[in-house]
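*Asks:* Questions regarding the structure given below will be posed in turn.
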Amino acid sequence: MKTRGMGGIYRPTYTQRQPDGSMLTKEAAVWWITYSVHGKRTRESSESTNRADAVRLLKRRIGDAQAGKPVGPQIERTTLDDLLAMVEADYKANGRRSSDSPTSD
């Protein structure tokens, strides 16, 4: 995948000290993706050691961004409590009176 500006996949490198004191550079097993959305660079783990899985995830993220959908790993982790807090904040910010109604639990 060599499309300029669309993103990329890589495996991070790290150094590890050897018993004799020398440093050894190693490559991580898990593939990572990097892409840009609205000028902001995002890096995300593919959570896979398979390169093809990382390519699929990158294509999905780029496709979602081009379609105007929210993009990123945090979007997939939104909980019901997060959504409820966002609705309550919207009601408060817009002065909605129905937020004062008792809820039926």
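*Asks:* What is the spin-label model distance, in nm, from M6 to D90 if the labels are put 7 Å beyond Cα along the C-beta direction?
*Replies:* The answer from the label model is 3.4 nm.
*Asks:* Here's another thing I want to ask about it. Order by neighbour count: R96, R17, fewest other Cβ atoms within 10 Å first, most last. Walk me through the numbers before you get to the answer.
*Replies:* Values: R96 12, R17 9.
Arranged by neighbour count, lowest to highest, R96, R17 become R17, R96.
*Asks:* If you line up the long axis of helix 80-93 against the longest principal axis of the chain, both from Cα atoms, how many degrees apart are they, to the nearest 10?
*Replies:* The angle comes out near 50 degrees.
*Asks:* Taking the structure as given and computing Cα Rg over 2.2 N^0.38 Å, which label from [x] 1.63; [y] 1.17; [z] 1.35 fits?
*Replies:* Computed from the coordinates, Cα Rg over 2.2 N^0.38 Å corresponds to [x].
*Asks:* Follow-up. With only Lys, Arg, Asp and Glu charged, each at its Cβ (+1 for the first two, -1 for the last two), find how big the charge dipole of the chain is about the Cα centre; round to the nearest 20 debye.
*Replies:* With only Lys, Arg, Asp and Glu charged at Cβ, the dipole is about 760 debye.
*Asks:* Check the chain and count each lysine pair with an alpha-carbon distance under 22 angstrom, considering only pairs eight or more places apart or from different chains.
*Replies:* Numbers: K2/K40; K2/K59; K40/K59; K40/K69; K59/K69.
So the count of such lysine pairs works out to 5.
*Asks:* Using Cα pairs under 8 angstrom and six or more residues apart, how large is the relative contact order of the range 1-99, in percent?
*Replies:* So the answer I get is 18 percent.
*Asks:* What list do you get for M23, M6 if you sort them by fewest beta carbons within 10 Å?
*Replies:* Ascending number of Cβ neighbours within 10 Å: M23, M6.
Each value in this text was obtained by applying a stated rule to the coordinates, not by laboratory testing. None of the values given here were measured: they were computed from a predicted structure. We place every Cβ from the backbone using ideal geometry, glycine too, and count neighbours over all the protein chains shown.
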